[in-house]
Amino acid sequence: MSHCSQGGTTSYEHRVDSPTPGMEIVEVFDSPGKGRGLRATKEVWAGDVLFAEPCFAAVVFDSLVAHVCHSCFRRQAKLQRCGQCRFAQYCDRTCQRAGWVEHKQECAAIKSYGKAPNENIRLAARIMWRLNKEGGVVSDMQLTTLDDLEDHLSDMPEMDLKELKVDVHNFLDFWPRTGKQHTVESISHIFGVINCNGFMVSDQKGLQAVGVGLFPNLCLVNHDCWPNCTVILNNGKIELRALGKISAGEELTVSYVDYLNLSEDRKQMLKQQYFFDCTCEHCTKKTKDDLKMAGAVVDGVQVPEEKVKEVTEYSVEMLKKMENARLEANYNEVVKICRECVEKQENVLADTHIYQLKMWSTLGEVLSYLQFFEEAATYARKMVDGYVKLYHPNNAQLGMTMMRAGVTHWQAGHIEVGHGMICKAYAILMVTHGSTHPITKDLEAMRNQTEMELRMFKQNEYVYHSMREAALKNQPMKMMAEPVEEGVKGLFRKK
């Protein structure tokens, strides 16, 4: 359901990158039981862009202010500080000039206040400065004012409301005395809107969330756990992209949470963060919940329920341990915990059991980072097989997982499997990201390279392997950054 009031096709069925439309393909309507929503005004197909929207305002996360450009949101090893406030950081003078319109008033306020406030306050201030300058509607593409967005203040738990009041208090201290003054009520509304509509802004490759922004039109798109659209950030704008055929008059939906969670857990997350009860078909019918908690079948015999329950509970404890070791960047300990757990899970949990998939995911990622490619490829392959049985065929998470698995297989020397996975990932990402997205371009380069290597491999395996050794030394396709806590799986920022 939309924050405003809330209250399948195969990977290959797509037309590649139709021209980016204005707003003629979508319209606002009253969605039964959900408040306002968006629907298609004409038929669209997988990969079509329904709308593209620049952010109203965005800021870098507090934890990444020294690692990400405050204008283009690229992660950079070396950034240049703003000479005035010494807080904002940029790639170079070009980015600094491009970001000056948004930073000018912020810069003076930080100097006057003596420090930079938290990301919520920085975002609220940028929104208020823009509202003061341009009013509530900043382009004829904008379908809603910020005033009309739901803030859910009356639904918030007391603890969250207390935190919000502290932010409002600190905002008023930060806000320049000489600027236009706002009421506590209007500022609280903006904080409430940010709280449930703050969209995660990813780095240039879309691999990690680096900031939070507000996109008014996106706030009108309601939730479904098995949606017909996906949202991707491309070149500074979010794009709403169709995952399959959508008929004229059909409501447009995106998923606010990762489908890999059980229906009860998804419902709880949605209630907690977005204040509505999900009544989508997948939650009502508990679709695929049985697969996500299933026991293995060994030699045609189902593993007893008691054993599955015991290993499931053990897995929960091990996942907590693993996450702690991961946060401390103790990767050898992560591998040790995962291997121990995977050994217990083998032949007890099914290949679609989500706790087994989580262990395989972490193990594959960390082993790849530590350059144990052969073992990493085994887990990556298992994970892809499990994901295919659970996710929508055009799910972005599935595409990204396939891409990483393909690269891991390439690094392990399994060129045929690697190339096959990269081709499948490319087909999905053409739908979810489009041909102009940096990650799709990288994937296309990989696909061309693995295709060339596969031809070489089929002609002469010996020549291929000796050339591969030389190529690996230069690491031309090294995609594995240091493992981060989590990728961009959720659509909106988690509290």
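The values are calculated or read from the model by the stated rules, or taken from the named source; none is laboratory data. Just so it is clear, the structure is predicted and the values come from calculations on it, not from any experiment. All Cβ positions, glycine included, derive from the backbone under ideal geometry; neighbour counts span all protein chains shown. Ligands, DNA and RNA are excluded from the accessible area calculation, which covers all protein heavy atoms including side chains. Shrake-Rupley method; radii C 1.70, N 1.55, O 1.52, S 1.80 Å.
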Report task. Residues being open to solvent by less than 20 Å² (accessible area, probe 1.4 Å) and more than 17 Å from the chain's Cα centre (by Cα): count how many of those fall in segment 54-67. Result -> 2
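Residue by residue through segment 273-292, note down the ones that are open to solvent by 60 Å² or more (accessible area, probe 1.4 Å) and not in a helix (DSSP H, G or I). Full working, then the answer.
From segment 273-292, those open to solvent by 60 Å² or more (accessible area, probe 1.4 Å) are 277, 279, 281, 284-286, 290-291; that's our starting set.
Scanning segment 273-292 gives D277, T279, K285, K286.
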Query raised in the report: Taking into account only those residues within segment 19-38 that are under 24 Å from P393 (Cα atoms) and surrounded by fewer than 17 Cβ atoms within 10 Å (Cβ to Cβ), which is modelled with the lowest pLDDT?
Result: P19
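In segment 358-414, what count of residues is obtained for those that are open to solvent by less than 50 Å² (accessible area, probe 1.4 Å) and part of a helix (DSSP H, G or I)? Walk me through how you get there before you give the answer.
First, the residues of segment 358-414 that are open to solvent by less than 50 Å² (accessible area, probe 1.4 Å): 359-364, 366-368, 373, 376-377, 379-380, 383-384, 386-387, 390-403, 405-413.
Applying the additional criterion that residues be part of a helix (DSSP H, G or I) yields 359-364, 366-368, 373, 376-377, 379-380, 383-384, 386-387, 390, 396-403, 405-411.
Adding up the residues that qualify gives 34.
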Query raised in the report: Which of the residues spanning segment 178-208 are surrounded by 21 or more Cβ atoms within 10 Å (Cβ to Cβ) and acidic (D, E)?
Result: D203
Query raised in the report: Would a scan of segment 415-424 turn up a residue that is open to solvent by less than 30 Å² (accessible area, probe 1.4 Å), outside any loop (DSSP other than H, G, I, E, B), more than 30 Å from L240 (Cα to Cα) and among the acidic types (D, E)?
Result: no
Requested in this report: Say whether the condition of being at pLDDT 95 or above, open to solvent by 50 Å² or more (accessible area, probe 1.4 Å) and under 28 Å from Q356 (Cβ atoms) is met by at least one residue in segment 430-442.
Outcome: no
